[in-house]
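For reference, the structure discussed in these notes is given below.
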Amino acid sequence: MTDTDTMRDPVCGMDVSPVTSVTSTEYDGTTYHFCSEDCYHTFSENPAQYASA
Ligand SMILES: [Zn+2]
């Protein structure tokens, strides 16, 4: 894995940079980054659904 600079938004599947991501959260020991507040809220309402990958 060499593309450590990019994370995948688990809600919409978009690639986001941890540096520029609007918001992030930690769930089950993993940090997730989101492209928008909307995706963050969607994730936080049902994290298990999106984090299961
Ligand atoms: Zn998103």
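Just so you know, all these numbers are worked out from the coordinates, no wet-lab data involved. This is a predicted model, so every value here is computed, not measured. Counting neighbours? That spans all protein chains shown, and the Cβs are built from the backbone with ideal geometry, glycine included.
Restricted to region 1-42, and to residues there that are assigned to a helix (DSSP H, G or I) and more than 9 Å from the ligand (Cβ to nearest atom), the residue that is surrounded by the most Cβ atoms within 10 Å (Cβ to Cβ) is 41. Please list, ordered by first then second residue, the pairs with beta carbon atoms under 7 Å, 6 or more apart or interchain, first in region 12-40 and under 17 Å from residue 51 (Cβ atoms), second of a type in the set (A, V, I, L, M) and near the ligand (Cβ under 8 Å from one of its atoms). Here the result reads 33/16; 34/11; 34/16; 35/14; 35/16; 39/11, each pair linking region 12-40 to a residue that is of a type in the set (A, V, I, L, M) and near the ligand (Cβ under 8 Å from one of its atoms). Restricting region 43-53 to residues that are surrounded by 10 or more Cβ atoms within 10 Å (Cβ to Cβ) and polar (S, T, N, Q) leaves a set whose member that is nearest to the ligand (Cβ to nearest atom) is 44.
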